[in-house]
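**Student:** One structure coming up, written as structure tokens, with questions to follow.
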Amino acid sequence: MKIGLTGGIGSGKSYVCRYLRQHGIEVFDCDTAAKQLMRTSPTLRQQLTELIGPKTYTDEGLLNKAVVAQFLLASPANAEAIDTIVHPAVFDAFIESGLAWMESAILYESGAYKLVDKVVAVVAPTEVRIRRVMQRDNISREKALDWMNRQMNQDEVARKADFVVINDGEKDIENQIIKILEQCNKQF
């Protein structure tokens, strides 16, 4: 069984992933894979350079994050063009990894949900998420809200998911995860 783990910024996906790893369940991190592939894949390098321009990579061969970010933020069409290149490569890397669990903040938006049998959404109250993001990234409340508002609404993510983990700082995360794992083992 393949399981996707998703949730908005500040929901606590990383916490759930750490818990799973501590209990022997390796989780494929789509964001880390995307960054690595953009740095190391000759095919992605060529496609991104053709799309963005010759300054996409430095003379030393490093991804020029500022150039990519400027292109990405210039328009939704630019963001979609980058996604069209990067997402399939990440999906292939997940399949090749042989791992059962995948973590992606944009599981639904990217289409990665099509690669999994079940989806676990990690959710937290808005104020808890804002506080976590502000503390973690040392940013303003407004910036944290802006980032949150750029993502799919948390209620919609939870509605689409097969399982929901409530990570509000009060409910027992371990118990919730154990129940999900038990359910998944019963279903397959």
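The values are calculated or read from the model by the stated rules, or taken from the named source; none is laboratory data. These figures come from a predicted structure and were not determined experimentally. Here the Cβ positions follow ideal geometry from the backbone for every residue, glycine too, while neighbour counts run over all protein chains shown. We work out accessible area using only protein heavy atoms, side chains counted, and drop any ligands, DNA or RNA first. Shrake-Rupley method; radii C 1.70, N 1.55, O 1.52, S 1.80 Å.
**Student:** Leaving out ligands and nucleic acids, note down the accessible area per residue over the chain with a 1.4 angstrom probe, in whole Å². Could the numbers behind the result be given before it?
**Tutor:** Numbers: 10840 Å² over 188 residues.
Spelled out: the 1.4 Å probe surface of the chain, per residue, equals 58 Å².
**Student:** Measure off 7 Å from each Cα along the Cα-to-Cβ vector at ARG150 and LYS179, then give the distance between these two points in nanometres to one decimal.
**Tutor:** Once both label points are built, they end up 3.4 nm from each other.
**Student:** Where in region 1-77 are there GluC sites (Glu not before Pro) that are in a DSSP coil and have at most 15 other Cβ atoms within 10 angstrom of their Cβ?
**Tutor:** GLU26, GLU60
**Student:** Right, something else. Please list, ordered by chain and number, the residues whose modelled amide H lies under 5 Å from the amide H of LYS2; skip anything fewer than 5 residues away on the same chain.
**Tutor:** ASP117, LYS118
**Student:** If I take R0 = 41 Å and measure r between the Cβ atoms of GLN46 and ASP162 in this structure, what FRET efficiency does the formula 1/(1 + (r/R0)^6) give, to the nearest 0.05? Numbers along the way, then the final one.
**Tutor:** Working: r = 38 Å, r/R0 = 0.93.
About 0.60, to the nearest 0.05.
**Student:** From zero up to wherever the largest Cα-Cα distance of the chain sits, split into 5 Å bins and tell me the percent of pairs in each.
**Tutor:** Per 5 Å bin, starting at 0, the Cα pair percentages come out as 1, 7, 15, 18, 18, 16, 12, 7, 3, 1, 0.
**Student:** Give me the distance between the Cα centres of region 1-60 and region 146-181, rounded to whole Å.
**Tutor:** Taking the Cα centre of region 146-181 as reference, the centre of region 1-60 is 20 Å away.
**Student:** Can you list which of the trypsin sites (Lys or Arg not before Pro) found in region 79-188 are DSSP loop residues with at most 13 other C-beta atoms within 10 Å? Show your work: numbers first, answer last.
**Tutor:** Numbers: sites: LYS114, LYS118, ARG129, ARG131, ARG132, ARG136, ARG141, LYS143, ARG150, ARG159, LYS160, LYS171, LYS179, LYS186; in loops: ARG150, LYS171.
Listed in order of number, the matching sites are ARG150, LYS171.
**Student:** I would also like to ask the following. With each pseudo-label sitting 7 Å past Cα toward Cβ, what's the ASN138-ALA77 distance in nm, one decimal?
**Tutor:** 3.9 nm
**Student:** Give me the percent of the accessible area of region 50-188 that comes from carbon and sulfur atoms, probe 1.4 Å, all protein chains in place.
**Tutor:** So the carbon and sulfur contribution to the accessible surface is 51 percent.
**Student:** How about region 136-179: which GluC sites (Glu not before Pro) there are in a DSSP loop, with at most 14 other Cβ atoms within 10 Å of their Cβ? Walk me through the numbers on the way to the answer.
**Tutor:** Working: sites: GLU142, GLU156, GLU170, GLU174; in loops: GLU170.
Within region 136-179, the qualifying GluC sites (Glu not before Pro) (loop, at most 14 other Cβ atoms within 10 Å) are GLU170.
**Student:** Can you list the residues, at least 5 places off or on another chain, whose amide H is less than 5 Å from the amide H of GLU103, using H built in the peptide plane?
**Tutor:** LEU5, PHE28, ASP29, CYS30
**Student:** While we're here: Explain nothing, just compute: Karplus ³J(HN,Hα) = 6.51 cos²θ - 1.76 cosθ + 1.60, θ = phi - 60°, for every residue of region 54-69 in order, whole Hz, x for Gly and Pro.
**Tutor:** Karplus-based 3J(HN,Hα) across region 54-69 equals x, 8, 4, 10, 6, 4, 7, x, 8, 5, 8, 4, 5, 5, 5, 4 Hz.
**Student:** For the chain, take the longest principal axis of its alpha carbons; what is the angle in degrees between that and the long axis of helix 13-22, to the nearest 10 within 0 to 90?
**Tutor:** 70 degrees
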